[in-house]
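Here's the structure, in structure tokens; my notes come after.
The values are calculated or read from the model by the stated rules, or taken from the named source; none is laboratory data. None of these values were measured; they are calculated from a predicted model. Please note: Cβ atoms are built from the backbone with ideal geometry, for glycine as well, and neighbour counts cover all protein chains shown. These accessible areas exclude ligands, DNA and RNA; they are computed on the full protein's heavy atoms, side chains included. Shrake-Rupley method; radii C 1.70, N 1.55, O 1.52, S 1.80 Å.
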Amino acid sequence: MDKKMWGGRFKKEIDKDFFEFQKSINYDHKLAEYDVYHSLIHVGALAAAEILSKDEEDALVGALREILSQIKKGKFKFDPECEDIHSDIQNKVKEKAGKAALKLHTLRSRNDQVVFDEKMYVLTQYIETIKLLSNLLEEIFKKSQDYEKRYFIGYTHTQRAQVVYFSDYILAYGQMLMRDYDRLVKFEEGLKIHIGAGALAGSPLSPDYYRRAISISGVIRKHFGELSSPMDHVSSRDFVIEFLSILAIIQMHLSRMSEDMIMYSTREFDYLDLPEEFCTGSSLMPHKKNADFLELVRGSTGKVYGSLFSVLTTMKGLPLAYNRDMQLDKEPLFASVETVKDELTIMAKFIKKLKLKKDNIDNALKDEHLYATEIAEFLVMKKGVAFKDAHDIVGKLIRHSEEKKVKIQNISDKLLSTFHKDLNKKILTKVMNPKYAVLSKKTAKSKIPKLKLH
Ligand code: ARG
């Protein structure tokens, strides 16, 4: 049996190497379930238009449902000899439904099927991704509560800056991921699924037939939209690029989190105790506990950004309408989806088990530099000093302490008053501590954002 869906106008056999090169079955088999949905809707429309008899409709629906149940049970085996999943399912329907299968592809094109299939894939993956993302957010929120009111070192330029609450620190990542959450929700709301574009010029079937057939499936009904431009429909992959962009932003956030945790767990910082279950050792150096999970997340950024750029570049010069180049959007799409989902799953478990090294953090909190800004702010707020002057006074104080190798809090009142008349030990003791530092800030509230679950 010829496994291709075309061939009538060809005299020569397809070159074997070229056949292997052009086929997509090895990856687009992941779209099998959605391709069956397209066929079920299409059969419904063909029957409504009386192009199929009742018997033919029953035979096709029966065959398609059998295939669907195999897919759902994980028993579906794709035929690697086929060009793509659309041809494979067409052939399988033929084996089960006989002659009626000759009418399955009436007035339709794989160009229409493939967009439908990919949109359904993206919708399904959206649902899974948003679940995993909320799960990670829950763990971040819990961790912020576990360590509520615990002080942490805030950095800018990777230099010690000011004292913050650990909850403020970790909730900053919560905020980033919340925005990703909102981006995903908006993306889903805007995703429109069409059917009936033909190869590019539309279909002689009335959209009413499709609308009626679609009412069998709730998910599709919500997203079903009137087809206003069949040419745009079969030739756009904006929805793939949009989804990949959101995944790339999530990836960027996960990578930043990972980098922070890698750094804070080194012996140079030593603020975090990473869960051993997600680390590996060295085959040579017995002492090593390497943050491999975090490194792999950081490293996967190349793959996830690459996927986005791959599809953007594939699309950039394509003339209207469908071109075979577009087949190449699937591997990058699948790769990004699978990578980000895995990362979200593991990151939630990782955060749950993450621990702070309290003693080391407390030790770091003794660093007087961390309170320089608070001294300057005190002079401004309580003593009416101009900020530029306050900045200068504290700068000189820090310089004195470094040059003379003396702690600011050990400088005598007499000497302190030469920096500013109102400076004394009592004031410095009040200002140079973590509690004062965080409580003096009115805009940092460390609130857990509201997660409206979808
Ligand atoms: N495998 C193709 C793809 O992924 C399906 C559409 C093929 N259409 C065609 N006219 N060759 O884009």
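Residues in segment 37-69 that are free of Cβ contacts under 8 Å to residues at least 60 places away in the same chain and of a type outside the set (A, V, I, L, M, F, W, C): GLU50, SER53, LYS54, ASP55, GLU56, GLU57, ASP58, GLY62, ARG65, GLU66, SER69.
Scanning segment 219-244 for residues that are open to solvent by less than 40 Å² (accessible area, probe 1.4 Å) and not aliphatic (A, V, I, L, M) gives HIS223, GLY225, PRO230, HIS233, SER235, SER236, ARG237, PHE239, PHE243. One residue alone among ASP413, ASP367 is farther than 30 Å from GLN175 by Cα and either acidic (Asp, Glu) or surrounded by 17 or more Cβ atoms within 10 Å (Cβ to Cβ) (or both), and that residue is ASP413.
Filtering segment 280-334 to residues that are hydrophobic (A, V, I, L, M, F, W, C) and within 16 Å of the ligand (Cβ to nearest atom) leaves VAL311, MET315, LEU318, LEU320, ALA321, MET326, LEU328, LEU333, PHE334.
Residues that are farther than 30 Å from ALA213 by Cβ and open to solvent by less than 50 Å² (accessible area, probe 1.4 Å) within segment 1-42 comprise ILE14, PHE19, GLN22, listed in sequence order. Within segment 278-298, can one find any residue that is out of contact with any Lys or Arg (no Cβ under 8 Å at 6 or more places or on another chain), in contact (Cβ under 8 Å) with a residue 60 or more places away in the chain and over 22 Å from PHE187 (Cα atoms)? Within segment 278-298 (the criterion being out of contact with any Lys or Arg (no Cβ under 8 Å at 6 or more places or on another chain), in contact (Cβ under 8 Å) with a residue 60 or more places away in the chain and over 22 Å from PHE187 (Cα atoms)), the answer is no, since none of the residues qualifies. Scan segment 344-353 and tell me whether some residue there is without any contact (Cβ under 8 Å) to a residue 60 or more places away in the chain and open to solvent by 20 Å² or more (accessible area, probe 1.4 Å). For segment 344-353, residues without any contact (Cβ under 8 Å) to a residue 60 or more places away in the chain and open to solvent by 20 Å² or more (accessible area, probe 1.4 Å): absent. When residues in segment 310-361 are screened for being touching a strand residue (DSSP E or B) at 6+ places or on another chain (Cβ under 8 Å) and either of a type in the set (D, E, K, R) or farther than 30 Å from PRO275 by Cβ (or both), 2 of them pass. For segment 85-131, the candidate set comprises residues that are in contact with a helix residue (DSSP H, G or I) (Cβ under 7 Å, 6 or more places away or on another chain), assigned to a loop (DSSP other than H, G, I, E, B) and open to solvent by 10 Å² or more (accessible area, probe 1.4 Å); within that set, the residue that is farthest from the ligand (Cβ to nearest atom) is THR106.
The number of residues in segment 44-77 being closer than 25 Å to GLN327 by Cβ and surrounded by 13 or more Cβ atoms within 10 Å (Cβ to Cβ) comes to 6. Go over the candidates ILE351, ILE361 one by one and state the one that is more than 27 Å from the chain's Cα centre (by Cα) and either farther than 30 Å from GLN22 by Cα or within 16 Å of the ligand (Cβ to nearest atom) (or both). Checking each option against the conditions leaves just ILE361.
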